[in-house]
Amino acid sequence: MSIQAIRIHETGGPDVMRLDTVDLTDPGPGQVRVRHTAIGVNFIDTYHRSGLYPLPLPSGIGLEAAGIVEAVGDGVTTLREGDRVAYGSGPIGAYAQAHILPAGRVAKIPDGVSDEQAAALMLKGMTVRYLFKDTYALKAGDTILFHAAAGGVGQIACQWAADMGVTLIGTAGSDEKCEIARQKGAAHVINYSRENVVERVREITGGRGVPVAYDGVGKDTFEMSLDCLAPRGLLATFGNASGPVTDVNLGILTQKGSLYVTRPSLMHYVASDDDLAANTADVFDAVARGAISIDINQRYALADAQKAHEDLEGRRTTGASVLVP
């Protein structure tokens, strides 16, 4: 069968993405074919497109989508045609009308969760889950720093932290975005465009700093994040929205308090089907309990993926964005 899919034949800006017609085979053993109804847009997609995270070219793009199982391969017993499913950890190629995936890498969407919500929630929710429960096991009473708190991942982090009894200090670049983070459950918000983040964090924490800072921004906030940590604190730098962190002198970790730094990736935390199932179960449980929800504030046609990336990289989005095939 032939479908339309966004493909990249070279790396670069949003204009390298092309809408191609490609052939899709029947699912093989252990696989399913999913007809997409909604596709998630995430910052990691821009890293694949730009070449920051290299892919063999030509390539599809996108890691997250929701849809309907329309065919199952031999040996698949957990899914059947007509099931509503979602995935958030690839394999890459979600920017398409349909995709073939290993059955163990998709999750059934529970009643009460729409396809668009699932498509926008999977990767972002799974990211917050591994950051909060695996990278650093948060507990009630902890105080944390989370950058870009009004973004898609940040809004989920604000809600999940509040549900866990964790005090989240969020940063954002405008009063409007600070208010979004506050409404989502951030205990404190700092407008980094006019406030000194380090001074405010020290003020909020009585001079101690935070035990963990979650930083999806990267280059622009790296040293700032370190300066917000308590002695022996952990910086989880999990994204590169402002560019990658390079040329780090490890000696500064000693100077700033024997600090720890990790550069985690969701893919390593859900590498096994069992780990993936545990993660997605927690995400959907949080949704079912009403602990977290997702605001889909931008919708684009599949053919307009270029515009979606321009808006995302231009920081003109809030909440989540989806492509509608």
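None of the figures in this text is laboratory data; all of them are computed from the coordinates on show. Quick caveat, the model's predicted, so the values are computed rather than measured. Glycine also receives a Cβ, built like all others from the backbone with ideal geometry; neighbour counts cover every protein chain displayed.
Going by neighbour counts of Cβ atoms within 10 Å, the residues K139, K177, K133, K184 line up, fewest first, as K139, K133, K177, K184.
May I ask you to compute the full-extension gain from K133 to R263, defined as 0.36 nm times their residue separation minus their alpha-carbon distance, rounded to one decimal in nm? Don't skip to the answer; put the middle values down first.
Working: separation 130, 0.36 × 130 = 46.80 nm, distance 1.56 nm.
So the chain would gain 45.2 nm between K133 and R263.
For the residues M122, M267, M164, what sequence is obtained by ranking on other C-beta atoms within 10 Å, fewest first? Show your work: numbers first, answer last.
Details: M122 29, M267 13, M164 17.
The most exposed by this proxy come first: M267, M164, M122.
For T78, T317, what ranking results if the residue with the fewest other Cβ atoms within 10 Å of its Cβ goes first? Before the final figure, lay out each step's value.
Values: T78 12, T317 17.
Going from least to most buried by this count: T78, T317.
Pick from G60, G185, G112 the residue whose mean-square fluctuation is largest in a GNM of the chain, springs joining Cα atoms under 10 Å. In the Gaussian network model the winner is G112. For the chain, modelled as a GNM whose springs connect Cα atoms under 10 angstrom apart, the maximal fluctuation among A291, A213, A181 occurs at A291. Tally Lys and Arg at +1 and Asp and Glu at -1 over the other residues with C-beta under 14 Å from the C-beta of D26: what net charge comes out? Around D26, the charge tally is -2.
Compute the Cα gyration tensor for the stretch 140-263, then decide on rounded, prolate or oblate, letting a ≥ b ≥ c be the square roots of its eigenvalues: rounded whenever a/c is under 1.5, prolate when a/b is larger than b/c in the other cases, and oblate in all that remain. Cα axes put the stretch 140-263 in the prolate bin. Structure note, pairs K133/K184; K139/K219; K184/K256: Cα-Cα distances above 25 angstrom occur for K139/K219; K184/K256.
Restricting attention to the stretch 269-325, which trypsin sites (Lys or Arg not before Pro) occupy a DSSP loop and are surrounded by at most 16 other Cβ atoms within 10 Å? Hits after loop and neighbour filter: R289, R315, R316. Partners of K307 within straight-line reach, counting aspartates and glutamates whose Cα lies under 20 Å from its Cα and excluding those fewer than 8 residues away in the same chain: E10, D15, D20, D45, E64, E116, D295. Taking a point 7 Å from the Cα of E81 along the Cα-to-Cβ direction, the residues of the stretch 20-41 with backbone N closer than 17 Å to it are 25-36.
For the chain, a Gaussian network of Cα nodes joined below 10 Å ranks D285, D111, D273 by mean-square fluctuation, and the top entry is D111.
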